[in-house]
Amino acid sequence: MRVSGLSLMRVGARLQGWRTGVALLAVAVGWASWGATGLLAQQWRARVSTSVQYVEARALVRDSARESSAVGSGRQRLVGDTLVTCSAGDSFCYFYRAGEIANSSPAVLDVALNVFSFGVEGLRAYVSTRFRNDFSDGTIGNDEFWPLGDVHVELLAGFLELNRQSFRARVGRDYQVSGLGFYGYDGGSFIYRFSPYKIELEAYGGWGLARGVPLPITSDEFATLGVFQPTERDYLFGFRSSARPTPNTSIEAIYQREIPTDRSGISTERVAIDAAWYPRRELSLLAHTDFDLATGLWGKAGLDVGYRFHPKIYAEGKLFRYRPVFSLQTIWVAFSPVPYTGWNLGLGLEPRNDLAFKVWAERRAYGETEAGVPFFATTNRDWRVGGTVGWRPRAVGVLWDIDGGYWINWGFGSAINSGDLRVGMRPHDQLSLGLRLAAFKQLEEFRVGQGRVWGLGGDIRWRTQAGTVWFSVDRYDHNRRISDEISEDPAQPDWSQWRAAFGLSYYLGSEPGRAP
Amino acid sequence: MSLYRASIRALLVVALVAAGAEYGAAQTGQMPKPDFHNTADFLQTHGQTAKADITFCGACHARDYCSRCHVNAYDVPEIQALPSDPDVAAYVAGTEWPAPSTHTPSFLEDHRAVAAGATQSCTTCHVVEEQCLICHLGSETLERPRTVTDVDLYHPYNFMQQHSASVWNQEAECASCHNPWVFCYSCHQTLGYAASDGRTDTGFHNKDPNFSFGHGQAARQGLESCAACHPQENCLQCHSARAGRNINPHGPGFDAEKLASKNQNLCLFCHFSVPGGE
């Protein structure tokens, strides 16, 4: 058992770090701000979400054994049951083993605040902030076990908005979610709405944030990029248009460019188009693509068809293509990543209102890499098959939630064989309890190898008048038996660990029409 | 002493959170209905009241309360002037309201075009800022228990434990929501998964000791995964015209002239001068 009284004491002891003070200050500031805003605006609403987690992991550490103790010949030999790598002329052979258990206790506090109607129709201020502290284990030497563990305050979004029937204007930290992905920026946007066909035209721009995170690329969090870290932020700007000519048709096109503020070149320049058409209630047709103008290469593309040919049966078919996109501020674009193309077929069955099954299969094929592989070759194919089941019966006066899934994947990259099951019950409208079981085996890229990881966990969730409180705990146990002779393969890092999470979210502001 | 102080601080955190929750409960409690809501023609006349001063309605009601009946809510500026209720999408996902026909079984993955083409109609049920950000900006909660009404979770249960297979096969564009440098690299580096001290037969490389000598195919097929552990300097040890082994990394589709025209600094990372340039 990995959680001992001693380790819990260590977690507690770390609470006394200076970061605790910052976290407490963040809580206090956030709390106080709610009261202050009430004085400034006629209406406001806030959503507060807090989670505290406990996560264990074992680092890989390099170890060595005397070359004379190794059995066999060649680069890979055995020392006891451990596979080691030996080099000619070196008196030691090397291997990796699991290090000490490291743990992290990240605490995240999200506060989203809406203040509106300052006496002006459609005027709103919105702020979304994240306070974070990571009480990491000192045994792994630094505080970056949890991503962004030392970034204690983040402004996810914060803008002043004027929203009318024909236009919407925003100033502040805003973001754009589209076929190009998630991009944040400090600047402004303006949307003009042309009603007859629900056409929207948008222009947006400002100083860009790094992709997928609300931080400038010049911030300290990217310092380990070294010489590749840009010294100046990018300008980001773009244009978006969308239309909904009929209630069952949507189309969007977007163009976006990022350029360094010294205008020394282009970082990214891309366009994307998305379209959806629902010609009949039971039929859906979706298409999307994006093109990288900076490299002159196509990125993602897809065509999805969904058809419910019986009220209880539906089918889905997808054709897709994927090629990753990198900024021209990295060298990765010069390494010529190749795309893959593939298809996915899925079939869903809902024999009863409370019972649903789905099975699916998928195949990918990568393009020609022209790499030339004299020493090592991998496949350029990938297969996946999976299925899910959901059952929500009412029995013995209780509503049950039973969800299970299984998938197997083989081909390029990881090979995985995984299943999970959750049995939940809701003895009360506001209370749910769940017991969950998982098992998986991952080969190659993740060295669970021939062993298996078993997971057993539970969760509880209570939705109150004010919000929701929840708790979950999971225990993972790594069975490292690989044969009758070797019951515990020392060459495979032990993956056994505990994980636990506690969360609380609640709402502030009045709304009698809202039911819990 | 230290444990005592830590306990006091932990209790303070709990107390602050609990106090906030209690405050929230007080704020969301039932309030008495105004007298004029009880008039016989209130349902017929409340629109005029709302148009005269929607902020008066907004003292108690959110936009969603109106849109339960007003299906054209997103075309009514007075209703749009109200904020939305973060819980409404959860109600809709349950049994209270039917989901629109666009919400197919794969809608979570395929909602992009509909969301873009009907931004205002989404807000009838969804609080766009909060629900976009929860998924698109990388939730930091691993195993929040979910129920049928949970609509703000993208990854399935146990995903963190198994994410390597999904990442290697690029089943979705991870970098779209998770910046690889801060979400992947820092953790992999800290835990030793990105060690680059010469050993080539780690599990991440198919346990093949010759992986580094023939990794070109794997790298071009899964370059995002490489970048999740390896800094760019690792590659330049061999793939640079300025130092190392001068191994050319350029492959199919590489257009030096085009890239140089877009950003010459990119070339200068590996070359003394822009190839083909002046």
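A few points about this structure:
- Every condition in (1) more than 10 Å from every other protein chain (Cβ to nearest Cβ); (2) over 23 Å from B:Asn169 (Cβ atoms); (3) surrounded by fewer than 16 Cβ atoms within 10 Å (Cβ to Cβ) is met by B:Glu233 except one, and the failing one is (1).
- Whichever residue in the stretch A:388-430 is touching a residue at least 40 places away in the same chain (Cβ under 8 Å) and part of a loop (DSSP other than H, G, I, E, B) and, among such residues, is surrounded by the fewest Cβ atoms within 10 Å (Cβ to Cβ): A:Gln430
- Helices (runs of 4 or more DSSP H) completely within the stretch B:207-278 that count 3 or more residues being farther than 22 Å from A:Tyr96 by Cα: B:216-221, B:232-236, B:256-262, B:264-268
- Of all residues in the stretch A:84-113, those that are closer than 18 Å to A:Asp134 by Cα and within 10 Å of another protein chain (Cβ to nearest Cβ) have Cβ atoms under 6 Å from Cβ atoms of residues that are of a type in the set (Asp, Glu) and surrounded by 21 or more Cβ atoms within 10 Å (Cβ to Cβ), 6 or more apart or on another chain, in A:Ala102/A:Asp137; A:Ser104/A:Asp134; A:Pro106/A:Asp134.
- In a residue-by-residue description of the stretch B:194-214, the property of being at pLDDT below 85, buried (at least 18 other Cβ atoms within 10 Å of the Cβ) and in contact with a Cys (Cβ under 6 Å, 6 or more places away or on another chain) applies to at least one position.
- Filter pass, A:Ile259 being of a type in the set (A, V, I, L, M, F, W, C), crowded, with 17+ Cβ neighbours inside 10 Å and closer than 28 Å to B:Cys235 by Cβ: yes
- The stretch A:351-366 - residue that is closer than 30 Å to B:Pro252 by Cα, more than 7 Å from chain B (Cβ to nearest Cβ) and of a type outside the set (Asp, Glu) and, of those, farthest from the chain's Cα centre (by Cα): A:Ala365
For every residue, the table says whether it meets (1) at the interface with chain B (Cβ under 9 Å from one of its Cβ atoms); (2) in contact with a His (Cβ under 7 Å, 6 or more places away or on another chain); (3) over 30 Å from B:Asp255 (Cβ atoms).
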position	(1), (2), (3)
A:Tyr278	yes, no, yes
A:Ala315	no, no, yes
A:Thr341	no, no, no
A:Leu345	no, no, yes
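- Output for the stretch B:218-252, where each listed residue is closer than 18 Å to A:Tyr322 by Cα and over 30 Å from the mean Cα position of the chain (by Cα): B:Gly251, B:Pro252
- Hey, A:Ala377 within 11 Å of chain B (Cβ to nearest Cβ), touching a helix residue (DSSP H, G or I) at 6+ places or on another chain (Cβ under 9 Å) and not acidic (Asp, Glu) or not: yes
- Residues satisfying the stated conditions in the stretch A:64-84, i.e. of a type in the set (Asp, Glu) and exposed (fewer than 15 other Cβ atoms within 10 Å of the Cβ): A:Asp81
- Flag if B:Cys135 is modelled with pLDDT of 65 or more, more than 15 Å from the chain's Cα centre (by Cα) and more than 8 Å from chain A (Cβ to nearest Cβ): no
- Extreme residue, farthest from B:Phe213 (Cα to Cα), among residues of the stretch A:353-402 that are at pLDDT 90 or above and charged (D, E, K, R): A:Lys358
- Test result for A:Gly21, closer than 30 Å to A:Trp470 by Cβ, over 34 Å from the mean Cα position of the chain (by Cα) and modelled with pLDDT under 75: no
- Restricting the stretch B:220-278 to residues that are touching a Leu at 6+ places or on another chain (Cβ under 9 Å) and small (Gly, Ala, Ser), the residue that is farthest from A:Asp262 (Cα to Cα): B:Gly244
The values are calculated or read from the model by the stated rules, or taken from the named source; none is laboratory data. Fair warning: this is a prediction, and the values are worked out from it, not measured in the lab. Every residue, glycine as well, gets a Cβ built from its backbone with ideal geometry; the counts of neighbours run over all protein chains shown.
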